[in-house]
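The values are calculated or read from the model by the stated rules, or taken from the named source; none is laboratory data. Predicted model, so just to flag it, every value in this text is computed and none were measured. Because the Cβ atoms are built from the backbone with ideal geometry, glycine has one as well, and the counts that use them run over all protein chains shown. With ligands, DNA and RNA removed, areas are computed over all heavy atoms of the protein, side chains included. Shrake-Rupley method; radii C 1.70, N 1.55, O 1.52, S 1.80 Å.
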Amino acid sequence: MTNNMFFIANWKMFGDFRSVNSIKKVIKFSRSKKFQKAQIIYCPPYTLINNFIKLVKNTKIKIGAQNCHYSQRPGPFTGSISANLIKSIGANYVIIGHSENREAGETNKLINLKIKSALNSGLKVIFCIGETFKEKRKKVTRQVLNKQIKLGLNKIKNKKDVLIAYEPVWSIGTGLIPKPNDLFNTINFIKQINKKFKVLYGGSVNPENIKKLKLINNIDGFLIGGASQNPNKFIDIIKKTYN
Ligand code: PEP
């Protein structure tokens, strides 16, 4: 475990205006000296980004979006949000390639265009990759990850602003996590593709299994879905990572 761990909250399509109280607790917690090294990033729905940005002013918490359009320029794309628009309101990150969007039809090629657009707009990218259960069973995890990384980052030179989030699809929202040894080896495999990659783990992280996960010493942080919507659970995960 490195000291500067990332804790990224992916709220998915949850949270309304009442949810702002949730982040206030985490802001208070983030000021405690003991956890200064934790890098907290909130990715709420688009509708809350502006509120959250105002709340985290003068704190070390950063804000991100959960997706963006591939076009950096404004255009006739009803219902879409560009990386430039996200950057212009003061967000710093964007999640790209989440399996829930891949399942809805996002291809590696489209993901690549989105990553380029986000980096050109000055956003940092949380780039999600992961195998399905079927692929795991067929023992093709490495081939799948290799392809997702190669195609997703095709012709991208500036990889330092890309965080890789390894999220096995079968682990998201299911309560299942990979065996520690498998996870260690997969993270190592990803880091061998590019030694500079920071690699996070995502998939059913919670205050119970974090005690196991934190022992896997090549993980650079966690992308947390369900548990991040509850501030007490989110704080607990951070505390237990360092204790
Ligand atoms: C996610 O959606 O990125 C995620 C990791 O979800 P959960 O923690 O709920 O499995």
Handout entry: Under-5 Å amide H pairs with GLY202, H placed in peptide plane, nonlocal only
Key = TYR166, GLU167, LEU223
Handout entry: All lysines inside 17 Å of LYS124 as judged from Cα atoms, apart from same-chain residues fewer than 8 positions distant
Key = LYS60, LYS62, LYS87, LYS114, LYS116, LYS155, LYS157, LYS159, LYS160, LYS196, LYS198
Fill in the blank from the handout: Measuring from its Cα centre, the chain shows a charge dipole (+1 at each Lys and Arg Cβ, -1 at each Asp and Glu Cβ) which, in debye to the nearest 20, is 800 debye
Exercise for the section: Can you give me the three principal axis dimensions of the chain from its C-alpha atoms, in Å, biggest first? Expected result: 49, 45, 29
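What accessible area per residue comes out for the chain, rounded to a whole number of Å², with a 1.4 Å probe?
Numbers: 12240 Å² over 243 residues.
Ligands and nucleic acids excluded, the result is 50 Å² per residue.
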Handout entry: Nonlocal amide H pairs with LYS124, under 5 Å, H built at 1.01 Å
Key = TYR93, VAL94
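Looking at the range 89-150, which trypsin sites (Lys or Arg not before Pro) are in a loop (DSSP not H, G, I, E or B) and have at most 11 other Cβ atoms within 10 Å?
Working: sites: ARG102, LYS109, LYS114, LYS116, LYS124, LYS134, LYS136, ARG137, LYS138, LYS139, ARG142, LYS147, LYS150; in loops: LYS138, LYS139.
When the trypsin sites (Lys or Arg not before Pro) of the range 89-150 are filtered for loop state and at most 11 Cβ neighbours within 10 Å, LYS139 remain.
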Handout entry: the range 49-152: C-alpha gyration tensor shape, a/c 1.5 cut-off, then a/b vs b/c
Key = prolate
Exercise for the section: Determine ³J(HN,Hα), in whole Hz, for all residues of the range 160-168 in sequence, where each value follows from phi through the Karplus function 6.51 cos²θ - 1.76 cosθ + 1.60 and θ = phi - 60°; x replaces Gly and Pro. Expected result: 5, 9, 10, 9, 8, 10, 7, 10, x
Problem - Carbon and sulfur %, accessible surface of the chain computed with the full protein complex present, 1.4 Å - result: 53 percent
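How do the peptides 15-26, 157-168 rank, highest first, by the average count of neighbouring beta carbon atoms within 10 Å per residue?
On the way: 15-26: 14.8, 157-168: 19.8.
The most tightly packed comes first, giving 157-168, 15-26.
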Problem - the range 90-177, dipole about Cα centre (Lys/Arg Cβ +1, Asp/Glu Cβ -1), debye to the nearest 20 - result: 500 debye
Completion exercise
Cα gyration tensor of the range 155-243 diagonalised, 5x eigenvalues square-rooted, in angstrom largest first, produces semi-axes 23, 14, 13
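Once you keep just the Cα pairs under 8 angstrom separated by 6 or more residues, what percentage relative contact order results for the chain?
Working: 452 pairs, mean separation 52.7, N = 243.
Normalised by residue count, the contact order of the chain is 22 percent.
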Exercise for the section: Give the Rg (one decimal place) followed by the Dmax (whole number) of the range 143-190, computed from C-alpha coordinates and expressed in Å. Expected result: 12.5, 36
Problem - Value at 222 nm in deg cm²/dmol, rounded to 500, when DSSP H runs of n ≥ 4 in the chain each add -39,500 (n - 2.57) - result: -11000 deg cm²/dmol
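Which of the trypsin sites (Lys or Arg not before Pro) across the range 174-243 are loop residues per DSSP, with 10 or fewer other Cβ within 10 Å? If you can, show how the numbers build up before the last one.
On the way: sites: LYS191, LYS195, LYS196, LYS198, LYS211, LYS212, LYS214, LYS233, LYS239, LYS240; in loops: LYS195, LYS196, LYS214.
Answer in residue order: LYS195, LYS196.
Let me have the relative contact order for the range 1-131, percent, based on Cα pairs under 8 Å that are six or more residues apart.
Working: 204 pairs, mean separation 28.0, N = 131.
So the answer I get is 21 percent.
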